[in-house]
Structure formats: structure tokens, C-alpha cells
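The values are calculated or read from the model by the stated rules, or taken from the named source; none is laboratory data. Note that this is a predicted model, so its numbers are computed, not measured. In this analysis, Cβ positions are derived from the backbone assuming ideal geometry, glycine residues included, and neighbour counts consider all displayed protein chains. In case anyone asks, the SASA skips ligands and DNA or RNA and just uses the protein heavy atoms, side chains included. Shrake-Rupley method; radii C 1.70, N 1.55, O 1.52, S 1.80 Å.
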There are 2 protein chains.
Amino acid sequence: AQLALEKDYESHRDYETRYRVVMEAVRDALVLVDVASGRVLDLNTVAAQILGAEADALTGSAFTQEFDGRRRGEFLEELVNAAGDEAAGSTTAKTRRGKVEVAIYPTVFRAAGEKTLLCRMEVAGSQESVAAELT
Amino acid sequence: AQLALEKDYESHRDYETRYRVVMEAVRDALVLVDVASGRVLDLNTVAAQILGAEADALTGSAFTQEFDGRRRGEFLEELVNAAGDEAAGSTTAKTRRGKVEVAIYPTVFRAAGEKTLLCRMEVAGSQESVAAELT
């Protein structure tokens with residue numbers, strides 16, 4: 001059983017690597033937020049650039065505080081609701097540091113028993129302006 | 001030690017979930033290829049749509065065979081070389097099923113000791129045509 005667990009453990013370590021490589025290979029800005037605490041669990045470099053700070057500094061900080069005039073409880077509830085709503089599916093906010101309007105597309109999932117939000121952020125405007133913004 | 005391993009195991013299971021959620025939340029087409037065998041380890045729905053088949057059917061199949069007139073060894077070598085080349089960084093190919101020209105942006109990494117390619121695929125043309133193609 002120990003050996004089986006270790007083998008399984010190896011294959012799961014694999015997923016950690018895959019997760020990290022995918023996070024940095026994609027062009028989308030991604031932030032993972034713990035719903036209970038509202039804190040940033042992880043984010044990629046593209047997302048950190050949009051929020052206007054280093055990824056290390058943002059990890060563990062309150063996600064709500066990165067946006068202007070948003071209250072924690074309400075904002076998180078809005079994101080969770082948008083995640084559950086196939087039709088709307090997004091909410092907009094202005095970043096606190098760079099005053100950039102972003103559309104946030106959230107997905108809710110459970111990992112290790114904790115409700116987690118994956119937020120894809122898009123700089124507001126057309127597809128072209130997003131592409132320009134990110135390069 | 002068993003308990004510590006199990007706790008660590010829990011946190012790694014977490015990464016498997018994160019990996020799967022991120023793969024499907026992003027707009028980029030992503031394929032993971034085992035370099036030694038050339039087989040598709042995993043891909044997301046966007047990538048399966050570009051290749052013109054179901055993700056389940058493509059998993060485990062030879063990645064090279066999804067493109068017209070490409071030989072396995074050469075194609076994989078080209079991808080690995082492009083991954084190591086900061087300047088070029090991409091290669092083009094035509095999908096076998098849909099005859100779609102795609103640019104492939106590869107990244108090489110090691111997971112569980114195996115050399116793995118993460119290929120981001122973009123339908124050839126402008127940013128706008130890519131966006132149109134994917135919607």
C-alpha cells in the first residue's frame with residue numbers, strides 16, 4: 001500500500017509541474033482565489049502584470065483589495081454567482097494600482113475540500129485591444 | 001511519515017484538480033506530448049476542436065499523425081528545437097483532418113522524469129481570425 005501510494009504520489013507530482021507550466025504558457029490572465037478567505041492562492045505573470053504588482057507580492061493578499069471600491073463579501077459573492085451563471089458569466093472591475101477596467105470570468109471548483117475561484121481576467125475592450133495590452 | 005505523505009498527497013491531488021480546471025478555462029489550445037513516444041498525453045477541448053476530433057480519441061494517439069506530411073522523428077525534433085529557441089519559438093503545420101494551418105508554440109519540461117512538450121496551437125492568421133476561429 002505504501003508503494004502504491006508513493007507511485008500515485010509521483011503521478012500527482014507530475015500534475016503540479018503540468019499546472020505550473022500551463023499557467024505560464026497560456027496568454028490568459030489567471031488568478032486562483034480561496035472563496036472562504038478571499039485571498040489569492042496563486043496567479044500567473046500575465047495576471048500580475050494586469051494587477052500591476054509582482055506575483056509573489058500578490059500571492060496571499062486579499063483579491064478584493066486589488067480593485068477600486070469593492071467590498072470583500074459582495075465582490076466574492078458576485079464572482080461566485082457569475083461563475084454559476086452560464087448566461088452572464090462575467091463581472092467588471094477597475095484595478096486599484098493601474099486603474100485598468102477588466103472583465104473577470106470566474107469558474108468555481110473544489111480542491112482539497114475548499115471552494116476555489118479561478119478568475120480569468122480580460123482587459124476591457126475588443127479582442128485587439130486585449131492582445132495589444134498583453135504584448 | 002505515512003501521515004505526512006498522505007497530507008502532501010492531498011495537496012498534490014489539489015494540483016491535479018487545478019490543472020484540469022485551468023486547461024478548460026483558458027482560451028488557448030493546449031496539447032501535452034510525451035517526447036519519447038510522440039504520443040498525446042492530454043489536450044484541452046479547444047485543441048481537440050482544432051485537430052477535428054474528440055479529446056478522448058486523441059489522447060494516446062501519435063501527435064505527428066494529426067498533421068499532413070510530417071515524419072514523427074523530424075517533427076518532434078523541430079518542436080523540441082523551437083521550444084529551446086527564444087527567437088523563433090514556433091513551427092507551422094497543417095492539420096490532417098480539417099486542413100487547418102496552425103502555428104505551434106512549444107515548451108519543453110520534465111514531469112515524472114519524462115521529457116514532455118506543451119504545445120500551444122494557434123490557427124494561422126491574425127489575432128482576429130484566431131478569435132473568430134475559436135468562437
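Report yes if some residue within segment B:63-74 is of a type in the set (A, V, I, L, M, F, W, C), within 18 Å of A:Ala25 (Cβ to Cβ) and either open to solvent by less than 50 Å² (accessible area, probe 1.4 Å) or in contact with a His (Cβ under 9 Å, 6 or more places away or on another chain) (or both); otherwise report no.
Yes, that holds for at least one residue.
Are any residues in segment A:46-84 over 21 Å from A:Phe109 (Cβ atoms) and modelled with pLDDT under 95, and if so, which ones?
A:Gly69, A:Arg70, A:Arg71, A:Glu74
Restricted to segment B:31-59, and to residues that are within 16 Å of B:Lys115 (Cα to Cα) and over 12 Å from the mean Cα position of the chain (by Cα), which residue is surrounded by the most Cβ atoms within 10 Å (Cβ to Cβ)?
Applying the filter and picking the extreme gives B:Ser37.
When you check A:Gln2 against the structure, is it at pLDDT 95 or above and open to solvent by 50 Å² or more (accessible area, probe 1.4 Å), yes or no?
The answer is no for A:Gln2.
Can you tell me how many residues within segment A:75-104 are touching a Ser or Thr at 6+ places or on another chain (Cβ under 8 Å) and either open to solvent by less than 70 Å² (accessible area, probe 1.4 Å) or part of a helix (DSSP H, G or I) (or both)?
9
Pull out all pairs, ordered by first then second residue, where Cβ-Cβ is under 9 Å, the residues are six or more apart or on different chains, the first lies in segment A:12-27 and is more than 7 Å from chain B (Cβ to nearest Cβ), and the second is β-branched (Val, Ile, Thr).
Here the result reads A:Glu24/A:Thr45; A:Glu24/A:Val46; A:Glu24/B:Thr107, each pair linking segment A:12-27 to a residue that is β-branched (Val, Ile, Thr).
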